[in-house]
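Derivation of every value follows stated rules applied to the coordinates shown; laboratory data play no part. Bear in mind that the values here come from a model prediction, so they are computed numbers and not experimental data. Please note: Cβ atoms are built from the backbone with ideal geometry, for glycine as well, and neighbour counts cover all protein chains shown.
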Amino acid sequence: MTARLQTCAISKHYDNVIALSPTDLDVRDGEFLTLLGPSGSGKTTLLQILAGLVEPSGGTLLINGKDATHAPAGERGIGMVFQSYALFPHLSVWENIAYPLRMRKMDKPAMAAAVRDALEMVQMGSYANRLPRELSGGQQQRIALARCFVYKPSVILLDEPLGALDKKLREHMQSEIRSLHKDLGATFIYVTHDQEEALNLSDRICLMNQSKIEQIGTPEDLYDRPATAFSAQFIGYSNLLSGRIGETSGGAQLGNGRFAVPLPAQRPAGAVDAAEISLVVRPEEARLASVDDAYLKGIVTDVVFAGSDCRVLVDIGESRPFLLRCGRRETPSVGAGVGVRWNPEHAAIVTC
Ligand SMILES: Nc1ncnc2c1ncn2[C@@H]1O[C@H](COP(=O)(O)OP(=O)(O)OP(=O)(O)O)[C@@H](O)[C@H]1O
Ligand SMILES: [Mg+2]
């Protein structure tokens, strides 16, 4: 069964609170799309509208091309794992997972096998007879995941499903979720505010900010070509240098005119001569250079050992120091005057 979800100007407000501004989104069949964004940016609201748990204030939702804006939640073929796990408190773990299969009147042997597989998947095989209150928060969350996957819905919505898990289990469940996505061929919409998780899991990331979509694209798009300063700062660490594109040189004057910096050939719309811009330089793209040869000059204020390499902070006279990474054998001393440069094609321009 295919599952494509499209929203057209879908929105939600509560009295005068805008939870979701009019939003257009096209989720492809079989895609793993992640909604990423800070707390309060509208991720859960959008997910609940797709699931049919919240009535939108305006706009339309199409599922497989059919208007489903007001369709009852139970008729949408959508499975959901919530931010809070919402298990049935009076049912055992086994019965919780079997519940969606009973609703679908699956025969007993097939049900037993499906529940066993789902329990194994979340490494909870020996907990089948426990009640939810006899489990830790992380264990309850794993049962909620198993209960959603067990009936193989064609769309699966996951709202911060790994929030209560420790790092090791979280990584294990991430790879389980990735392989389940492959095996089921279902459309996954996954909410997180953890950018690393979003980069690891997604076909595309929909970055949300203040009830709107800030940028949507592949993880590489968002990392390499952030469209806004918010995108650049939310995903990975960015050095942001503000200034103005030169009228003749083709480069830019940044840092109140103190740095003359070449620009990448690929420019977003709006990055015209004399436009105000910020240049995004990722720490791993920058390197130390001799002062004569550098785009920026500054004083090393800190060197932090980070295992395979070191993080070097350089005061360049801006409000934030410039961060770069450098090999352990090349680290400068604190207080040294250094130059910094990078391959201009590996920086990105964002327009203000
Ligand atoms: N039932 C409600 N009544 C009033 N305001 C609400 C309601 N539900 C959500 N909001 C508001 O809508 C905005 C978006 O909320 P939402 O839960 O979608 O954010 P979120 O991105 O999921 O955040 P988090 O990462 O904290 O879960 C917030 O400002 C929130 O306070
Ligand atoms: Mg939420």
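Remind me, relative contact order of the chain in percent, using alpha carbon pairs under 8 angstrom and six or more residues apart?
Taking the mean separation of contacting Cα pairs over the length of the chain, I get 15 percent.
Using the number of other C-beta atoms within 10 angstrom as an exposure proxy, rank 342, 94 with the fewest first. Mind showing how you got there, number by number?
On the way: 342 22, 94 19.
Starting with the residue having the fewest Cβ neighbours, the order is 94, 342.
Just grab the label-to-label distance for residue 258 and residue 112, each label 7 Å out from Cα along the Cβ direction, in nm (one decimal).
Once both label points are built, they end up 7.4 nm from each other.
Out of all DSSP beta bridges in the range 119-242, what portion is antiparallel? Express it as a percent rounded to 5.
Antiparallel bridges: around 50 percent, rounded to the nearest 5.
Taking every pair of alpha-carbon atoms in the chain, give the share separated by more than 39 Å as a whole percent.
The answer is 30 percent, as a whole percent.
How would you rank 273, 107, 203, going from fewest to most other Cβ atoms within 10 Å of each one's own Cβ?
Ascending number of Cβ neighbours within 10 Å: 107, 273, 203.
Test of understanding: in a Gaussian network model of the chain with alpha carbons linked when under 10 Å, which of 110, 286, 51 would top the mean-square fluctuation ranking?
Sorting by GNM fluctuation, first place goes to 110.
Given the options 72, 56, 264, which has the most mean-square fluctuation in a GNM of the chain, springs set between C-alpha atoms less than 10 angstrom apart?
72
Which of these, 298, 52, 30, has the largest mean-square fluctuation under a Gaussian network model of the chain (Cα springs below 10 Å)?
Highest fluctuation among the options: 298.
Using θ = phi - 60° and the Karplus curve 6.51 cos²θ - 1.76 cosθ + 1.60, what whole-Hz ³J(HN,Hα) does each residue of the range 144-158 get, with Gly and Pro shown as x?
Using θ = phi - 60°, the values come out as 4, 5, 4, 5, 6, 6, 4, 9, 6, x, 7, 10, 10, 9, 10 Hz.
Note the count of lysine pairs whose C-alpha atoms are less than 18 angstrom apart in the chain, limited to pairs 8 or more residues apart or on different chains. Don't skip to the answer; put the middle values down first.
Working: 12/43; 12/212; 43/212; 105/152; 108/152; 152/182.
Lysine pairs meeting the criterion: 6.
What is the distance, in nm, between label points placed 7 Å from the Cα along the Cα-to-Cβ direction at residue 320 and at residue 136?
Each label point lies 7 Å from its Cα, and together they span 3.5 nm.
Quick check: the angle from helix 93-103's long axis to the longest principal axis of the chain, C-alpha only, nearest 10 degrees?
70
Whole angstrom only: what separates the Cα centroid of the range 1-56 from the Cα centroid of the range 208-287?
28
Take the Cβ-Cβ distance between residue 86 and residue 62 as r, set R0 to 25 Å, and report the resulting FRET efficiency rounded to the nearest 0.05.
Numbers: r = 27 Å, r/R0 = 1.09.
Calculated transfer efficiency: 0.35.
I want the antiparallel fraction of DSSP beta bridges within the chain, as a percent rounded to 5.
Looking only at bridges with both residues in the chain, the antiparallel portion is about 75 percent.
How would 148, 352 line up from fewest to most surrounding beta-carbon atoms within 10 angstrom?
Arranged by neighbour count, lowest to highest, 148, 352 become 352, 148.
For Cα pairs less than 8 Å apart in space and 6+ apart in sequence, what is the mean separation divided by the residue count of the range 267-323, i.e. the relative contact order in percent? Numbers along the way, then the final one.
Values: 42 pairs, mean separation 11.9, N = 57.
Rounded, it is 21 percent for the range 267-323.
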